[in-house]
Amino acid sequence: MRVPYSWLREHCDPGMEPAALADRLVMTGTEVERLDRVGPSSAEGFVVGKVVKCEKHPKADRLSACIVDTGDGERPIVCGAPNVAAGQTVAVALPGARMPNGERLRKAKLRGIPSEGMILAADELEIGDDHEGIIELDSGLAPGAPLGEVLPLGEAVLEIEVTPNRTDCFGVHGVAREVHAITGAPLAAAPWGEDAPAEGEGDASDYASVTVEVPELCPRFTARVFTDVKVGPSPLWLQARLAAAGQRPINNVVDITNFVMLLTAQPLHAFDLDKVPDGALLVRTAAEGEKMTTLDGVERTFDSETVLVCDRNGPSGVAGIMGGQVSEVSKATTRVLLEVANWNGTNILRTSRQLGLRSEASSRFEKQLHPELTMRAQRIASRLLVELCGAKLVPGTIDVAAEPPPSRRLILRAERVEGLLGMFIAQQDQQTYLERLGFEVQEADEDLEVVVPPDRHYDVTREVDLIEEVARVHGIDEHLPTTLPAVGGAVGGLSREQRLRRRAEDVLRDLGFDQAVGWSFTDPGEAERLRIPADDPRSNPVLLANPLSEEQSAMRTLLLGSLLEVAARNVARGAGGLALFESARAYLNAPPAGGKVVDPLAGHFAGDQPAPFAEPHRFASLATGSMSPRSWRGGGEAADFFALKGVLEALAGQLGVELGFAPTEEPFLHPGRAAAVSVEGAAAGWLGEVHPLVCRAWDLEAAVAFELDAAPLLAAATVGEERYEDVTTFPAVYQDLAVVVSADTPASEVRAAVMAGGGELLRGAEVFDLFEGAQLGEGRKSLALNLEFRADDRTLTDGEVAERREAIRAKLDEIGGALRE
């Protein structure tokens, strides 16, 4: 909501600079996003001028050579406007004046004729968008008079972020009342107090009729009829007001409806009555698939829940959102039917989303306005139509209304105010604050009986809402004491799962990975770019009802896509090796295998009942390029499967977890370079080199990644459960072992067999070499392991170690392996 400061001051002048008022509004609950300025930064050099002489330029058909009286004498000015003429009173910028774009005006010669200034059009002062002709001022103005006394130059504009509950602040008068409440400055009389005189013939019902078939969706529909309407440009002051408020001036009739909406927060719509057959309007829901072309020139198709305003020939407007071209006001219009209606906010919001169409009207109606506001807007608009369009108001108002909501009465208890706020506010002060905000207040012993005004009806519904109003006007920043919450003996702290999650994130950072925070929203086509087939649950994301954009209309099912986006953005900007990780949630339409929902915080299954979706917390990492700097000793090799497997094992080691790895296939991973990751035999995630086609989709040469569910990893963590073990002084026995197994036997299975055979004396076994060759036979491989034997109470003998080797041989036989002598 853009609020021109001069317009605001007409209703309540706070007597302070705009910046100071903006700060005060922010501190009392009205968010001012920024303080803008429309037009030139200074009014210096802008004056009223009188065109004394105007002739065609001898060397240019479209220019005029003028002599203009600017109060300090006559000066030549060359003008390109087609409507400039001798005798006009005009707006002039003198040499040295700074234009809205920051350019300083200078003397010049145009086709050989000197020009000492500029005769201004509305768009050159940013008080309108008309550039076809110059501004013509009141002929009674004296040449040389400061233009800033005639037109709003350098207009300060408060840009307010209106919260959904404060519909009153969608109008300038509502903001003025807020300023009155927080500053105590006088508030002008309500602008809807005076109605226009009725001078037309007959009664409004003789010209038009209104039928409402859906009163639950249209609680009130009012209409007035105007004859002898003269459609034309709005006066300059009205154009300037609208332009500063962000509205484009169109013609006097339409501009009046926009002006009144901006003033009262109640939208209006004007029909060309001669384009409405028999003047009959019908409010109904649309037939499924019914169509209409709206004022923006788009043909729209409606469903059966859309409310339409129709004439006898069909739809003429989408209720509360936008009118139709069929009954649009034009230069030929002489009779106007003015609609001011009230609509069901929820229905307007639904329709606006369904059509992808938002307007100034819908943004107000969807918050739910009170039916009482309709007649306020009718009275102001009627007066302006008579004054600015020469119209005659036909007596009577067509008013089709359902039962209005009853006025809301609340009791404000003094003890409750002090108990909730922790400070005393005198009853008289409470009453003053509420009355400034438009509430009716009466004393009831120590308490107050309060009647909520119509424009706050859907906002203030409870006693606590009144306390909030009192507190913020009183000044929370100035008077509310700062105290710590009373917590008794309770102290804060992190749960075990939170500590483990933070530890895991710290480990990844210590390993040289940068943490990324990606969007939870993603492109619905991301699954296709990741080559995930349609029958995979990960290709069926949760879709948003009201997305920020089409590119962010689905919830991600993998963190991989977010990391690929971050990597692609950095690589495109010249970044070299990247090592990224993210600790965040994925969003699944279907639960994990078995129909169980994993609770990532508790680290265990939340239950055995199927659920419609799940939000597992995950750790994901991606590396592209080199993970180590190049030097004269080497380095600089691109990250590969084994590099990231080492990172994953280091992460698990810091949590006291042993991971299992097995070959797998994922559509987004390179075939043969992918592994399934398990924890204590349960699936936990995947690891692998990203498929070349996926890398190509993100403009990356190559990448390697992993993604793990946090729940099984943290549930198996033994960090914090460590036990003291004395450091033995007896030496270890180290031996190497070569094992020949089938080529498809995982190294983890070989190591597990070796550890089982080694018993308690075998403290460690690490694979350090892989050999494949013809001498081993087809389909065979040799794995070399380094073994560490140790006893806590003695030095081991060769016989004891040999016994353990034989036990290892036996275990290897069980998996089809043999020691290579």
Every residue from segment 267-294 that is surrounded by fewer than 17 Cβ atoms within 10 Å (Cβ to Cβ), assigned to a loop (DSSP other than H, G, I, E, B) and of a type in the set (A, V, I, L, M, F, W, C)
A287
All positions within segment 175-187 that are in contact with a Leu (Cβ under 9 Å, 6 or more places away or on another chain) and either open to solvent by 10 Å² or more (accessible area, probe 1.4 Å) or part of a loop (DSSP other than H, G, I, E, B) (or both)
R177, H180, I182, T183
Quick check on my filter: what residues within segment 10-23 are surrounded by fewer than 18 Cβ atoms within 10 Å (Cβ to Cβ) and part of a helix (DSSP H, G or I)?
E10, A19, A20, D23
With (1) touching a helix residue (DSSP H, G or I) at 6+ places or on another chain (Cβ under 7 Å); (2) open to solvent by 30 Å² or more (accessible area, probe 1.4 Å); (3) touching a residue at least 60 places away in the same chain (Cβ under 8 Å) as the list, and K331 as the residue in question, which single condition is left unmet?
(1)
Would you check if there is a residue in segment 368-376 being farther than 17 Å from A223 by Cβ, touching an Asp or Glu at 6+ places or on another chain (Cβ under 7 Å) and in contact (Cβ under 8 Å) with a residue 24 or more places away in the chain?
yes
Given (1) within 19 Å of A471 (Cβ to Cβ); (2) in contact with a helix residue (DSSP H, G or I) (Cβ under 6 Å, 6 or more places away or on another chain), index of the condition V394 fails
(1)
Residue count, segment 403-431 (criterion: crowded, with 16+ Cβ neighbours inside 10 Å and more than 30 Å from G184 (Cβ to Cβ)):
0
Within segment 217-245, considering residues that are part of a loop (DSSP other than H, G, I, E, B) and open to solvent by 50 Å² or more (accessible area, probe 1.4 Å), the one nearest to G279 (Cα to Cα)
D228
Give just the number: which of (1) among the hydrophobic types (A, V, I, L, M, F, W, C); (2) surrounded by fewer than 20 Cβ atoms within 10 Å (Cβ to Cβ); (3) farther than 19 Å from G320 by Cβ; (4) modelled with pLDDT of 95 or more does V214 not satisfy?
(3)
So is Q430 in a helix (DSSP H, G or I) and closer than 28 Å to W192 by Cα or not?
yes
What number of residues in segment 279-328 are in contact with a helix residue (DSSP H, G or I) (Cβ under 7 Å, 6 or more places away or on another chain), without any contact (Cβ under 8 Å) to a residue 60 or more places away in the chain and at positive phi?
1
Residues of segment 432-452 classified as among the hydrophobic types (A, V, I, L, M, F, W, C), touching a residue at least 40 places away in the same chain (Cβ under 8 Å) and either in contact with a helix residue (DSSP H, G or I) (Cβ under 8 Å, 6 or more places away or on another chain) or surrounded by fewer than 18 Cβ atoms within 10 Å (Cβ to Cβ) (or both), total:
3
Being part of a loop (DSSP other than H, G, I, E, B) and either without any contact (Cβ under 8 Å) to a residue 12 or more places away in the chain or polar (S, T, N, Q) (or both) is the filter here; which residues of segment 89-101 pass it?
N101
In this structure, does R472 turn out to be touching a Leu at 6+ places or on another chain (Cβ under 8 Å) and open to solvent by less than 80 Å² (accessible area, probe 1.4 Å)?
no
Filtering segment 515-536 for residues that are open to solvent by less than 80 Å² (accessible area, probe 1.4 Å), out of contact with any Ser or Thr (no Cβ under 6 Å at 6 or more places or on another chain) and assigned to a helix (DSSP H, G or I) leaves a count of 2
Name the strands (runs of 3 or more DSSP E) wholly within segment 710-821 that hold at least 2 residues that are over 27 Å from G653 (Cα atoms) and either open to solvent by less than 80 Å² (accessible area, probe 1.4 Å) or not charged (D, E, K, R) (or both)?
733-742, 780-789
Residue satisfying all of: in segment 334-376; of a type in the set (K, R) and within 23 Å of G200 (Cα to Cα); least open to solvent (accessible area, probe 1.4 Å) among these
R376
Residue in segment 102-123 that is least open to solvent (accessible area, probe 1.4 Å), counting only those that are closer than 13 Å to L236 by Cβ and modelled with pLDDT under 90
A122
Looking for something touching a Ser or Thr at 6+ places or on another chain (Cβ under 9 Å), under 24 Å from D168 (Cα atoms) and either surrounded by 24 or more Cβ atoms within 10 Å (Cβ to Cβ) or not small (G, A, S) (or both) - is there at least one such residue anywhere in segment 298-316?
no
In segment 188-208, which residue that is open to solvent by 50 Å² or more (accessible area, probe 1.4 Å) and within 45 Å of the chain's Cα centre (by Cα) is nearest to E159 (Cα to Cα)?
A189
Y458 passes all but one of (1) more than 26 Å from C169 (Cβ to Cβ); (2) open to solvent by 60 Å² or more (accessible area, probe 1.4 Å); (3) out of contact with any strand residue (DSSP E or B) (no Cβ under 7 Å at 6 or more places or on another chain); which number fails?
(1)
Options S562, S549, S553; residue that is hydroxyl-bearing (S, T, Y), farther than 20 Å from P616 by Cα and within 26 Å of the chain's Cα centre (by Cα):
S549
Restricting attention to segment 10-40, and to residues there that are touching a Pro at 6+ places or on another chain (Cβ under 8 Å) and over 27 Å from E468 (Cβ atoms), which single residue is modelled with the highest pLDDT?
P40
If G512 satisfies all but one of (1) part of a helix (DSSP H, G or I); (2) touching a strand residue (DSSP E or B) at 6+ places or on another chain (Cβ under 9 Å); (3) at pLDDT below 95, what's the number of the condition it fails?
(1)
Out of segment 246-259, which residues are open to solvent by 10 Å² or more (accessible area, probe 1.4 Å) and within 20 Å of A121 (Cβ to Cβ)?
G246, Q247, R248, P249, I250, N251
Positions within segment 668-701 being assigned to a loop (DSSP other than H, G, I, E, B) and surrounded by fewer than 16 Cβ atoms within 10 Å (Cβ to Cβ), in sequence order:
E680, G681, D699, E701
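The values are calculated or read from the model by the stated rules, or taken from the named source; none is laboratory data. Just so you know, these numbers come straight off a predicted model, no measurement behind them. Neighbour counts run over all protein chains shown; Cβ positions are idealised from the backbone, glycine included. Heads up: the accessible areas ignore ligands, DNA and RNA and are worked out on the full protein's heavy atoms, side chains in. Shrake-Rupley method; radii C 1.70, N 1.55, O 1.52, S 1.80 Å.
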